[in-house]
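The structure appears right after this line, and notes come after that.
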Amino acid sequence: MEQIVTEEGFDCLFQRVGKLKLAAKPGHYDKIARSQVMLTRGPDPDTFMVPRSESRTEIGSDRYFGGTVSPRSTNMHMGLYGQGLAEAAARHGARIYQDNPMNGLRRTGGSVHEVTTPHGSVRANQVLLATGVSRVGPLGWFRGRIVPVGAHYRYQDLVR
């Protein structure tokens, strides 16, 4: 994502800010630690745990039971990212069909996919699935696999 944002010049408030996830209860720390082990094996090997004994150094408080730090984590405005992605795709020749929900998706042979909508169908070699937790539509398999990501911005960061 960072490479696309940089190369295409998206103005989506992208920042590499890091992330701190804190344990409010002792049991939470164990759960966070298990997640951190999985992260280091794959997508984020730079994460590290902060035990309760070092919490004051990390956050200036003893209130929490430790946590994990992901120094490479990023932050961006997903709406602006989506807009930038659509504009870049159009610049590169993609056709975009707005307000036209997908009713079905199937591979018709080789690398060709057919996407059906209430207004007709389209065939494409590549399909980008961008979905949320909508209770309607054919993407039920994805609904159970979506990880909610909180996006919190200060008002002054959004108003320029």
Restricting attention to the stretch 76-100, report how many residues are loosely packed, with under 13 Cβ neighbours inside 10 Å, at pLDDT below 90 and not aliphatic (A, V, I, L, M). 5
Filtering the stretch 54-74 for residues that are open to solvent by less than 40 Å² (accessible area, probe 1.4 Å) and not β-branched (Val, Ile, Thr) leaves a count of 6
Among the residues of the stretch 100-121, is any in contact with a Leu (Cβ under 8 Å, 6 or more places away or on another chain), under 29 Å from Phe142 (Cβ atoms), acidic (Asp, Glu) and without any contact (Cβ under 8 Å) to a residue 12 or more places away in the chain? yes
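Could you please give the count of residues in the stretch 85-113 that are in contact with a strand residue (DSSP E or B) (Cβ under 6 Å, 6 or more places away or on another chain), of a type in the set (A, V, I, L, M, F, W, C) and part of a loop (DSSP other than H, G, I, E, B)? Talk me through it step by step, then tell me what you get.
Within the stretch 85-113, the subset in contact with a strand residue (DSSP E or B) (Cβ under 6 Å, 6 or more places away or on another chain) is 100, 102-108, 112-113.
Then keep just the ones that are of a type in the set (A, V, I, L, M, F, W, C); that gives 102, 105, 112.
In the following step, the residues that additionally are part of a loop (DSSP other than H, G, I, E, B) were identified as 102.
So the count comes out to 1.
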Is it the case that the stretch 24-41 has a residue that's more than 23 Å from the chain's Cα centre (by Cα) and either within 30 Å of Ser121 (Cβ to Cβ) or in a loop (DSSP other than H, G, I, E, B) (or both)? yes
Considering only the stretch 9-53, state which residues are under 15 Å from Met76 (Cα atoms) and either among the aliphatic types (A, V, I, L, M) or open to solvent by 40 Å² or more (accessible area, probe 1.4 Å) (or both). Gly9, Asp11, Leu13, Phe14, Gln15, Arg16, Val17, Lys19
Out of Arg63, Arg56, sole residue that is modelled with pLDDT under 90, basic (Lys, Arg) and either more than 30 Å from Tyr81 (Cβ to Cβ) or not in a helix (DSSP H, G or I) (or both): Arg56
Residues located in the stretch 30-73, provided they are under 26 Å from Gln15 (Cβ atoms) and small (Gly, Ala, Ser): Ser35, Gly42, Ser55, Gly60, Ser61, Gly66, Gly67, Ser70, Ser73
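The values are calculated or read from the model by the stated rules, or taken from the named source; none is laboratory data. This one's a predicted model, so the numbers in the text were calculated from it and none came from an experiment. Every residue, glycine as well, gets a Cβ built from its backbone with ideal geometry; the counts of neighbours run over all protein chains shown. Quick note on the areas: whole protein, heavy atoms, side chains included, nothing else; ligands and nucleic acids left out. Shrake-Rupley method; radii C 1.70, N 1.55, O 1.52, S 1.80 Å.
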